[in-house]
1. Could you run the Karplus curve 6.51 cos²θ - 1.76 cosθ + 1.60 with θ = phi - 60° over segment B:351-366 and give me ³J(HN,Hα) per residue in whole Hz, x for Gly and Pro?
2. With springs only between Cα atoms under 10 Å apart, run a GNM on chain A and tell me which of A:VAL165, A:VAL20, A:VAL246 wobbles the most.
3. Amide H to amide H under 5 Å from B:ILE251: which residues, 5+ apart in sequence or cross-chain, H placed 1.01 Å off N in plane?
4. What is the average number of partner chain Cβ atoms found within 10 Å of a Cβ in B:226-232?
5. Using a simple charge model, +1 on the beta-carbon of Lys and Arg, -1 on the beta-carbon of Asp and Glu, nothing else, what dipole does segment B:358-397 show about its Cα centre, in debye to the nearest 20?
6. Ranked highest first by the average count of other Cβ atoms within 10 Å around their residues, in what order do B:218-224, B:66-72 fall?
7. So who's got an amide H within less than 5 Å of the one on B:PHE497, skipping anything under 5 residues away but keeping other chains? H placed 1.01 Å off N, in plane.
8. Working from Cα positions, state the angle (0 to 90°, nearest 10) between the long axis of helix A:45-57 and the longest principal axis of chain A.
Amino acid sequence: MALALLFFLIRSLPGDPLAVLSEDRPLTSEQVRDLQRRYQLDQPLGAQFTAFMGGAVRGDFGTSIQYGRPVRQLVLERLPRTLLLGATVLLINFTLGLWLGVQQALHRGRPLDRILTTLSLTGYATPSFWLGLMLVLVFAVRLHWLPAAGSQDPGLDGAGVLTVVLDRLRHLILPALTLAAVSIASSMRYQRAAMLEALRQPYVAAARARGLTEGQVTWGHAWRSALPSVLTLFGLWLPILVVGAVFVEQVFAWQGLGSLTAGAAAARDYPLLMGTAVLATAAVVTGSLVSDVLHALLDPRARAE
Amino acid sequence: MLRRCGRLLLLMTACSAAPVAGQAAPRRLVIAIGQTVTNVVPTLSRSAAAREISDLVFLRLGRYGGTSFGDRAAVPELAKGWTRRDSVTLAFDLDPRARWHDGTPVTSRDVVFSFNRARDPKQAVSVASLLVDIAAVEAEGDNRVVIRFDRPYGEQLYDATYHVQILPAHLVASIPPDSLVSSAFSRAPVGSGPYRWDKLEPTEYLQLRSVPGFFLGAPAIEQMVWRFTTSQESRLNLLLTGGADVQEDIIPPTANLSRLPERPSLRVAHLPSMGVNYLLFNQRAPADTSRPHPILADMDVRRALTIGLDRATMAKAVFGRYASPASSPAPPAAWFGALAPQPVAFDPTQAARLLASRGWRDSDGDGVLDRNGIPLALTLLVPSSSVSRMQVALVVQEQWRQLGVKAEVVPLEIAQYLARRKPGDFDVAIESFTADPSPWSLLDRWGCGAEANYGRYCSRTADSLLRAAHLARRDPAPAIRAWLRTVAEDFPAAFLFAPDKVYAMPSGYGNVTWQVESPWQMVWTWTLAGAGR
């Protein structure tokens, strides 16, 4: 259903992919007809949809009009970079973000809570492209500590594994920091609220009454029960991080799926656009599934239901 | 904690910046470009950047020689020379030193194969239509190729050399055309040029390595690397931090130039481009293209709108000193650009007078001219992705406002822009066009009924002049000059300026030669005078 909706919405966009293709050198009517045949654009929309679904079932999304290469190949080329960046940001959000959220709850109303709230909300309100540019200006252009763009340096042929890994990490730091800075506020706020709720529960008071240390009370009792509700965020964040980091990808020339999707939309590259849309849909479903499974694993009440 | 983080960062910087142990740092030139290149096989490469890179891997029979007419339209490359047998036959003698990068000699079989493939519209969509005048390509032995044309005309040598890069038949002939794009050859092409394919890190960079035994002379720059970076800001940052040595199209905005001193070794190099920017006037009514445009069908109005624009100031505002005025579709960098008439002067008084003489007056005092109740209001279509064209649109809007013309700027993403331009759903469109070295290619945009003639301009006189030039066997200049004058005087567009191609690059290279139609084509002749890495 979602795929059908996506397919017809994308096809209803004004614009012609072959017009974009022929911008460089005008095509004759015969050449246009030939290309229309090649990309099945001369078929009725219903027939195109049937052909698309037939291919999609086999994992074949056709050939990109813009690149003239199989969509699957293009997506697979970009996927590792996207996953690397996305996974790093998720890791930061769900480790540092949750830890900071817990600290805020433990220091509720005190200076640490207020400072962290101010910082996280400032990050949340900051446009990612602006923050990215500022970080590049400071850490790359002025200090020369980190690379300004790309996900790897050319010219490392024959270099050792350590050099290559460190090179990748250097390139990862700024885009990951940028994305994390603008997104960490969500996990912090959710965790803070859930933790405050948990800390008010009678079993926490009971744990304290049994003489457990504050660390055991916080992490062993309160945090465990506060965690499941925060994990629902994972389902929301996964699709955004898979195809939604367009601006950050632009600023850092991080060639991931976000910029591929944006380019496909601009060129009306229907097969490529559908390929990335299917992936985004899959990310939504996977995100929901993973958060449900984690929720069930961590919360016995959910398992009982 | 902070100190520890700082130490880690420094360690990572040191590890990655250091040259690989035991290896001398290669002399390489890293160029930051705005496009992503996935394929450089001639019949498959789709972008301008891909074609420029392809020019270093795959040679032609001859390189463009600065004119498209006559038998000096090319300088030898794979062919060491050519002779004219009659008015429709050229014979090319291949250079026996030419080798494919796998060591196999280049033979006439490769040339015949490549031409046959390029002439097939199913295999080479954009090239086949340019080769329709070639009747046959035949081999005479291993080292001679004979090309026969349908009729005598002045651009035979140009057609035989400019459009077709030679492919290795021994590697490509066995690959079905439909499978070429996904073939091993496509992933690691073998050419005969000064640089061979080294590595493509998809979406990141493409690397070529010099061919030490290249038969025309070994390149001094050992590696050429193109880094793909779509955002101009990122390209500039790469350049300033040493992640790239060269940035293409560093302007607009001109403010970028002021940042170059941050890396003192950089200098600005510029060369005239084959591009022209212009305001295309639609001569048919947008709602019904069978009728003339209610405002722009009048040549005096088009003339007034053109001379009412201060194009010199406009060019300076957008491109600084890196643009030259244009008066016709001929780019000043093309050999026939010198035949174009002088640009019409900026004259707002004369523009106002012309409009008044055609009945356009501000009868209701609202600042907008009108005639018979119709205001002189036009939509100005502009692709929002083009920084320079967006800037130009705003300047045009303001300058026309001072004339009493209301221009509504309509920024559209490129696909929408093209979708409205093709059926003629616009009044004025801000266009940018890159010409081929042949004036004949201009017929695509300015000929009656031509595929890309979106403004529906039609002058039978102009068309016949260009045809006469194309068929001229001696001096085509008079016919081209007359064609350019006719077009310029019809004002099918307000020709604005021809922007230069501007590069930021390191100083210290010697014998720097640029080819206007493919800038990097001669990089193999550059010398290292203390530059490089």
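1. Running phi through 6.51 cos²θ - 1.76 cosθ + 1.60 with θ = phi - 60° gives 4, 4, 5, 4, 5, 4, 5, 9, x, 8, 9, 8, 6, 10, x, 8 Hz.
2. Highest fluctuation among the options: A:VAL165.
3. Sorted by chain and number, the residues that satisfy this are B:VAL502.
4. Mean shielding by partner chains, rounded to a whole number: 5.
5. 220 debye
6. B:218-224, B:66-72
7. Excluding prolines and chain starts, which carry no amide H, the hits are B:ASN277, B:ALA326.
8. 60 degrees
Any read-out appearing in this document is the output of simple, stated calculations on the displayed coordinates, not a laboratory observation. All values reported here derive from a predicted model rather than from experimental measurement. No Cβ is skipped: glycine too gets one built from the backbone with ideal geometry, and neighbour counts run over all protein chains shown.
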